[in-house]
Amino acid sequence: MGWLATSHLNMTETPTTAWYVVHTKPRQETRALENLQNQGFICFLPTMQVQKLRNQKVQTITEPMFSRYLFIQLDDTTQNWAPIRSTLGVSKLVSFGPQPAKVPPELIDFLREAPVEALERMFTPGDSVQIATGPLQGLEGKYIAHDGETRAFVLVDLLGQPQKLRMAVEGLRVI
């Protein structure tokens, strides 16, 4: 887990500031973050490393932990919140009724300080998968586990018997 935060300003809550949730436009979390930061707002975008299949290769990429959401620290008494809504990439401030939803500062601290976890894998044990390439193309099975970064174990039924195969991850598809 990682994070993108703005400015080097103090990100601790004061008696008049609190953390809120910004709902962004689809796949525009980073754009919203940059535009809010350019306006002087203190923001936080938690991210994580995930594995994706791109161009028949498994790549590790950084994605927002919460799709379409980021956190913003606002002053309850003196700060003008009006520009937030019209910021490029922003959809709205998350609200419950007329009040913007506050986020407990402990949650922000936890997300910022949590240790880096293992990569989120493309497959989880028990997923139904189909072999997409090679002589066994079209054969279905159950994903068992990763074997390194580019290989995986799959349980398939061959000639009426379960067989554990070691396959290239890019040759598998979730069904």
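What are the residue pairs meeting all of these: first residue in region 153-175, first residue in contact (Cβ under 8 Å) with a residue 24 or more places away in the chain and farther than 16 Å from PRO135 by Cα, second residue open to solvent by less than 60 Å² (accessible area, probe 1.4 Å) and among the hydroxyl-bearing types (Ser, Thr, Tyr), Cβ atoms under 6 Å, and 6 or more apart or on different chains? Pairs that qualify, where the first residue is in contact (Cβ under 8 Å) with a residue 24 or more places away in the chain and farther than 16 Å from PRO135 by Cα and the partner is open to solvent by less than 60 Å² (accessible area, probe 1.4 Å) and among the hydroxyl-bearing types (Ser, Thr, Tyr), are ILE175/SER128.
Table: residues versus (1) at pLDDT below 95; (2) of a type in the set (Gly, Ala, Ser); (3) open to solvent by less than 50 Å² (accessible area, probe 1.4 Å).
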residue	(1), (2), (3)
LYS25	no, no, no
VAL50	yes, no, yes
GLN56	yes, no, no
MET65	yes, no, yes
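Every test in (1) at pLDDT 85 or above; (2) not in a loop (DSSP other than H, G, I, E, B); (3) not aromatic (Phe, Trp, Tyr) is passed by PRO125 save one, and that test is (2).
Restricting region 137-175 to residues that are under 19 Å from GLN59 (Cα atoms), of a type outside the set (Val, Ile, Thr) and outside any strand (DSSP E or B), which is modelled with the highest pLDDT? Among those residues, the one meeting the criterion is GLY171. The set of residues in region 36-66 that are outside any strand (DSSP E or B) and more than 8 Å from the chain's Cα centre (by Cα) comprises LEU36, GLN37, ASN38, GLN39, GLY40, PHE41, ASN55, GLN56. So, of the residues in region 82-116 that are of a type in the set (Val, Ile, Thr) and closer than 17 Å to PHE71 by Cβ, which turns out to be nearest to the chain's Cα centre (by Cα)? So, considering only residues that are of a type in the set (Val, Ile, Thr) and closer than 17 Å to PHE71 by Cβ, the one nearest to the chain's Cα centre (by Cα) is ILE108.
The values are calculated or read from the model by the stated rules, or taken from the named source; none is laboratory data. From a predicted model like this one, the values you see are computed outputs, not experimental measurements. Because the Cβ atoms are built from the backbone with ideal geometry, glycine has one as well, and the counts that use them run over all protein chains shown. The area values use the complete protein model at the heavy-atom level, side chains included, leaving out ligands, DNA and RNA. Shrake-Rupley method; radii C 1.70, N 1.55, O 1.52, S 1.80 Å.
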